[in-house]
Amino acid sequence: MKIFVLSKKPLIAYILVLFSAAILLIFSSNSATSVFNPEGADRLLPIYNVDRGTEKVCTLTFDAAWDDKDTDQLISILDTYQVKATFFMVGSWVEKYPESVKKFADHGHEIMNHSDTHPHINQLSEEKVRQEIIGCADKIEAVTGKRPTLFRGPYGEYNNTVIRQAETLGHKTLQWDVDSLDWKDLETEDIVTRVLKRVKPGSVMLFHNGAKNTPAALPQIIEKLQAEGYRFVTATELLLPEPTVVNRQGTQVAQDLPTPGPTESVESTHAA
């Protein structure tokens, strides 16, 4: 039997190789956990899409912060295809165009909260965040008679403070997983192609009012998805009933609760 003895230098080199491989493995694992949650489990996440299994259901959402010139056109398109959408409106927009807000609401579309003044909300103090959410909610309720229950930060920005304050004020924070990029004035065909190749069951699509080619793209998108068996619902209809959790990919999923024993009771872990 031969006995191999490593000299000191090769042994150290061998240990360094193993150590480097272990470090690379750890970093590789951590970097692949989630594109939505790079800061780890301590970071709260908004909802990007919803786990609806194989059910072909999705939602159209619009951010309203510009002018209101296409209000009647958007309503006409959505009425034609019997689609109800969700509009995230800035408080200042609501204040400036109350008749447009009322038109959307009267046609059965949801009116939700997009902040009061469209700031970079993740740079604000807790109190300023509260003011932005409350200010917009008050204006929407004054026009529609309904208080919004969903919030979307301007520019898609959020942090733990934003999500917590929104939740405290009765709002879930909703993002999107299908971005039309219509605000970039993409050509109609580019918007249609971009959206259709990204939609999946439970998707939240993002559009904007006042975008140049959105009215031309919408009918093609709706017709194609309806032909594929998709059903359009409002954002609140897309969401799952509580209790739920948002996983590390930003998907809202049902939360399994333990079966209560003889002396146990089940309580929702979701904050009101």
Net charge of Cβ neighbours under 13 Å - reference L174; Lys, Arg +1; Asp, Glu -1: -3
Whole-number percent relative contact order across region 154-217, with pairs defined as alpha carbons under 8 Å at least 6 apart: 35 percent
With an 8 Å cut-off on Cα pairs and a minimum separation of 6 or more residues, tell me the relative contact order of region 77-134 in percent. 36 percent
Return one quarter of the surface area of the convex hull spanned by the alpha-carbon atoms of region 34-174, equal to its mean projected area, in nm². 9.3 nm²
Among 50-56, 105-111, 160-166, how do they line up by average Cβ neighbours within 10 Å per residue, starting with the highest? 160-166, 105-111, 50-56
Need the list of aspartates and glutamates near K102 for cross-linking: C-alpha distance under 13 angstrom, and skip anything on the same chain fewer than eight residues off. D68, D72, E110, E141
Long pairs among K128/K184; K84/K212; K146/K172; K69/K197, criterion Cα-Cα beyond 26 Å: K128/K184; K69/K197
Can you tell me, using C-alpha contacts under 8 Å and at least 6 residues apart, the relative contact order of region 31-151 as a whole percent? 21 percent
Could you tell me the center-to-center distance, by alpha carbons, between region 98-137 and region 209-235 in angstrom? 24 Å
By what distance, in whole Å, do the Cα atoms of region 116-230 stretch along each of the three principal axes, largest value first? 44, 27, 26
So for R0 = 25 Å, FRET eff. of D67-R231 from the Cβ-Cβ r, to 0.05, ends up at 0.20
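None of the figures in this text is laboratory data; all of them are computed from the coordinates on show. Bear in mind the structure is a predicted one, so any value in this text is a computation, not a measurement. FYI the Cβ positions are ideal-geometry reconstructions off the backbone, even for glycines, and counts take in every protein chain you see.
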